[in-house]
Amino acid sequence: MSLQIRWQDVESLKQFDNALKALGSKKMRQAGNRAVNRAGDMARTQVRQRLTRQTGLKRPTIVKAVKVSRSSPQTLVYRMSAHGGDISLRYFGARETRAGVSAAPFGKRSVFASTFIKAGWWPNRVTKPNWNGQVFQRTGTATETGMDRFEKKKSGVIIPNEMVQGETRDAFRSTVARVLPQRLDHEIKRLTKGVVS
């Protein structure tokens, strides 16, 4: 008695052989590239949504700040990056109140005591055109002429730091973990005309 394996359907063998040849070619890198870019684009959408909520910045600001470098068949790397430092408080819906400026960095509105946007004394506050809506705080020192020195008030929000922590990081990881295998499977099926999945 012996065990034998026979191909009953020669056409299936040819089809399988052609599928394996397709996978061994540069087409596989192209398929991988398409899968990486699709997963990356979906993760980018999630990162923008979460980063908007996490930082308290408006979506157009986030879109402008987060740069994307898409994958190629040679690199198979999709990269999102951001540069910059501590963002001025003015970008967080800042408005002046008697107690200080009210703004919403990190998506949480609060009043920053002893900060201001306008000049003068209450109730006769004046907008200074060259201040550009910035939020200032006094430094506690004076100039030679006796005027108070003041500086721009920062928010504590640094986009590059926020991208790699909390809800934004988790959304990126979970989207890629879910979408990349699905897209790669889809591209392999397409490349091999459904023979390999």
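The values are calculated or read from the model by the stated rules, or taken from the named source; none is laboratory data. Keep in mind that what you see is a predicted model, and the values were worked out from it rather than measured. Cβ atoms come from the backbone with ideal geometry, glycine included; neighbour counts cover every protein chain shown. Just the protein is used for accessible areas: all its heavy atoms, side chains included, with ligands, DNA and RNA removed. Shrake-Rupley method; radii C 1.70, N 1.55, O 1.52, S 1.80 Å.
For the stretch 108-149, a residue qualifies if it is open to solvent by 50 Å² or more (accessible area, probe 1.4 Å) and out of contact with any strand residue (DSSP E or B) (no Cβ under 9 Å at 6 or more places or on another chain), and the qualifying residues are K108, W121, W122, P123, N124, P129, N130, N132, E144, T145, G146, M147.
Quick one: count up the residues across the stretch 67-94 that are among the aliphatic types (A, V, I, L, M) and under 18 Å from the mean Cα position of the chain (by Cα). Walk me through how you get there before you give the answer.
Taking the stretch 67-94 as the starting set, the residues that turn out to be among the aliphatic types (A, V, I, L, M) are 68, 76-77, 80, 82, 87, 89, 94.
Subsequent filtering for residues that are under 18 Å from the mean Cα position of the chain (by Cα) retains 68, 77, 80, 82, 87.
Looking only at that region, the number is 5.
Residue check: K152 meets all listed conditions (1) of a type outside the set (D, E); (2) free of Cβ contacts under 8 Å to residues at least 60 places away in the same chain; (3) over 30 Å from T45 (Cβ atoms); (4) in contact with a strand residue (DSSP E or B) (Cβ under 8 Å, 6 or more places away or on another chain) but one, namely (2).
When you check T192 against the structure, is it more than 27 Å from V66 (Cα to Cα), loosely packed, with under 14 Cβ neighbours inside 10 Å and not acidic (D, E), yes or no?
On the way: more than 27 Å from V66 (Cα to Cα): yes; loosely packed, with under 14 Cβ neighbours inside 10 Å: no; not acidic (D, E): yes.
For T192, the condition - more than 27 Å from V66 (Cα to Cα), loosely packed, with under 14 Cβ neighbours inside 10 Å and not acidic (D, E) - is not met.
Quick one: is R98 open to solvent by 70 Å² or more (accessible area, probe 1.4 Å), out of contact with any strand residue (DSSP E or B) (no Cβ under 7 Å at 6 or more places or on another chain), more than 30 Å from R178 (Cα to Cα) and in contact (Cβ under 8 Å) with a residue 12 or more places away in the chain? For R98, the condition - open to solvent by 70 Å² or more (accessible area, probe 1.4 Å), out of contact with any strand residue (DSSP E or B) (no Cβ under 7 Å at 6 or more places or on another chain), more than 30 Å from R178 (Cα to Cα) and in contact (Cβ under 8 Å) with a residue 12 or more places away in the chain - is met.
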